[in-house]
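Step one of this worksheet: look at the structure below.
The values are calculated or read from the model by the stated rules, or taken from the named source; none is laboratory data. These numbers come from a predicted model, not from an experiment. So basically every Cβ, Gly included, is an ideal-geometry build from the backbone, and we count neighbours across all protein chains shown.
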């Protein structure tokens, strides 16, 4: 009887496990992740009086300088439905979200655009503004995604939100580098650790030992407003009773996404996961990245085609690919996970399909 009871409890526990899905891959620094997490999880959302009921909403995993953002899909669903409910209650709601979003970028955008380095007091102010900005970026992002799902790409609400999103592009694209460069100036002896210093440490000037920072460089998880070092993925899963989704298990040799500019191209893969890898990009290669940002432009001009894990109708890759008339497939999800540098691939952006022709030699 006792064994049956234990077995039942284990089944119930397993049924309660939430699968966390990878939504973003970036090369952002820890302070940027803190503002991101707090803006979407612990800080007041501002655009709604209701609180996010699903925690931890986001789990960041940093490994080898690359950060993967895993989301609770129920939390995303809640945010989308909350936005639509508020829109139904107030037809002017998209306009209010867009207006506030633009207001929130007014301090950040000029600094991010010029890539200014900041002193300690300026950096503290920038971090506070960035945290305050994040709930509105979240609202803009999921609102647009939800409108796409509802097939309202050409609606007035979509146009208003798209315009606002584009006006804040430098804030979201360059803020991490602004923070990193400022930390390098403030703490030159810790230059190589600028990506793993926390906001509290940066503002107080009380930095941890270099051995602790080295552990963070090796890898960390950030969630529940806490930094976890030295833990495996399985240990984080056990700690929060979750599972991380792994779509690579179902990979069959063909990738599918959404075409944003038609055409067919063949070429060798060049993955760009970190801005420092852009220097290796060669003319005619296939650009494969989690997403593209303003500093990708030179590589995008050289590319024969562009593939991104993420994306929507107004993502940077989609906009630039259309301007450059480059075949482009976005929303491929696992391209950076399963494609390797040197793989020969065919990008059929007429159908939104990527095929591996020949694998590169290890």
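Data table
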{"quantity": "Pair list, Cβ under 6 Å, 6 or more apart: the stretch 230-253 residue exposed (fewer than 11 other Cβ atoms within 10 Å of the Cβ), other residue in a helix (DSSP H, G or I)", "calculated": "248/337; 248/338"}
{"quantity": "Failed item, numbered, when residue 172 is tested on (1) at pLDDT below 95; (2) more than 19 Å from residue 37 (Cα to Cα); (3) buried (at least 21 other Cβ atoms within 10 Å of the Cβ)", "calculated": "(2)"}
{"quantity": "Selection count where residues are assigned to a helix (DSSP H, G or I) and either under 30 Å from residue 217 (Cα atoms) or touching a residue at least 24 places away in the same chain (Cβ under 8 Å) (or both), scope the stretch 60-80", "calculated": "7"}
{"quantity": "Which numbered condition residue 91 misses (of (1) within 30 Å of residue 228 (Cβ to Cβ); (2) not in a helix (DSSP H, G or I))", "calculated": "(1)"}
{"quantity": "Single condition residue 329 does not satisfy, out of (1) in contact with a helix residue (DSSP H, G or I) (Cβ under 7 Å, 6 or more places away or on another chain); (2) part of a strand (DSSP E or B)", "calculated": "(1)"}
{"quantity": "Which numbered condition residue 339 fails, given (1) touching a residue at least 60 places away in the same chain (Cβ under 8 Å); (2) touching a helix residue (DSSP H, G or I) at 6+ places or on another chain (Cβ under 8 Å)", "calculated": "(2)"}
{"quantity": "Scope the stretch 161-206; condition part of a loop (DSSP other than H, G, I, E, B) and closer than 18 Å to residue 119 by Cα; matching residues", "calculated": "187, 197, 198, 205, 206"}
{"quantity": "Filter result (surrounded by 16 or more Cβ atoms within 10 Å (Cβ to Cβ) and touching a helix residue (DSSP H, G or I) at 6+ places or on another chain (Cβ under 8 Å)) within the stretch 258-289", "calculated": "260, 261, 270, 271, 272, 273, 278, 281, 285, 287, 288, 289"}
{"quantity": "Some residue of the stretch 135-150 being over 18 Å from the mean Cα position of the chain (by Cα), in the same structural domain as residue 55 (by TED's automatic domain parsing), buried (at least 19 other Cβ atoms within 10 Å of the Cβ) and over 23 Å from residue 55 (Cα atoms)", "calculated": "yes"}
{"quantity": "Of the criteria (1) outside the structural domain of residue 170 (by TED's automatic domain parsing); (2) touching a strand residue (DSSP E or B) at 6+ places or on another chain (Cβ under 6 Å), which one residue 236 fails", "calculated": "(1)"}
{"quantity": "Any pair with Cβ under 7 angstrom, 6 or more apart, that starts in the stretch 105-125 at a residue that is touching a residue at least 12 places away in the same chain (Cβ under 8 Å) and ends at one that is assigned to a loop (DSSP other than H, G, I, E, B)", "calculated": "105/168; 109/168"}
{"quantity": "Looking only at the stretch 227-242, and only at residues there that are more than 19 Å from the chain's Cα centre (by Cα) and part of a strand (DSSP E or B), the one that is nearest to residue 39 (Cα to Cα)", "calculated": "228"}
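Residue by residue, here is whether (1) at pLDDT 95 or above; (2) touching a helix residue (DSSP H, G or I) at 6+ places or on another chain (Cβ under 8 Å) holds:
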| site | (1), (2) |
| --- | --- |
| 79 | yes, yes |
| 93 | yes, yes |
| 96 | yes, no |
| 101 | yes, yes |
| 134 | yes, yes |
| 153 | no, yes |
| 161 | yes, yes |
| 167 | no, yes |
